[in-house]
Amino acid sequence: MSRAFARRFEVATTGRDQMLDVTRQVREVVQASGIRDGLVCVFVAHSTAALSVSEYEPGLVQDIRITAERLAAEHADYAHNRLNADDNAHSHLRSLVIGPSVTVPLVDGALTLGTWQRIVLLDFDTHPRTRTLWVQVLGE
Ligand code: ZN
């Protein structure tokens, strides 16, 4: 019989294109669920952060900053900043390109990530934040 289990956790970030490995926290929720086969959806509930899957090593942690700047340059003329007296249009735009969630198959109690794949949180905002991530496990 199929079940659903959801839990959230929080991550303190520095913002400014920070990439953080959240695989361990996701695995802890999967373990707590007792579900062994199904799908694991991880979702970040903020519009200036994103989730993806990546190798996680110091080179890529630096390179994401250059790549983010190419995706949406920080110092450009954005309607979001003008209309809302805000400074983070580039943060929103970087996040929406990458997206707020990842889904990973769960097989025999294990996430089917490749050897070098980690679930990574990207925080593009302009200042430190506390981010809420949801994990929902569906299966049996
Ligand atoms: Zn904004």
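Worth a mention:
- Answer residue from segment 83-113, given it is free of Cβ contacts under 8 Å to residues at least 12 places away in the same chain and in contact with a helix residue (DSSP H, G or I) (Cβ under 9 Å, 6 or more places away or on another chain) and is nearest to the ligand (Cβ to nearest atom) among those: 86
- Some residue of segment 106-127 being more than 15 Å from the chain's Cα centre (by Cα) and farther than 30 Å from residue 35 by Cβ: yes
Rundown of residues vs (1) under 20 Å from residue 115 (Cβ atoms); (2) touching an Asp or Glu at 6+ places or on another chain (Cβ under 8 Å), yes/no style:
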{"position": "10", "(1), (2)": "no, no"}
{"position": "24", "(1), (2)": "yes, no"}
{"position": "28", "(1), (2)": "no, no"}
{"position": "34", "(1), (2)": "no, no"}
{"position": "38", "(1), (2)": "no, yes"}
{"position": "48", "(1), (2)": "no, yes"}
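- Condition met for residue 27 (surrounded by 16 or more Cβ atoms within 10 Å (Cβ to Cβ), within 16 Å of the ligand (Cβ to nearest atom), under 26 Å from residue 134 (Cα atoms) and among the basic types (Lys, Arg)): no
- Annotation note: of 53, 61, the sole residue that is of a type outside the set (D, E, K, R), in a helix (DSSP H, G or I) and in contact (Cβ under 8 Å) with a residue 24 or more places away in the chain is 61.
Any read-out appearing in this document is the output of simple, stated calculations on the displayed coordinates, not a laboratory observation. Here the structure is a predicted model, which means the values were calculated and not measured. Here Cβ is always computed from backbone atoms with ideal geometry, including for glycine, and neighbour counts include all displayed protein chains.
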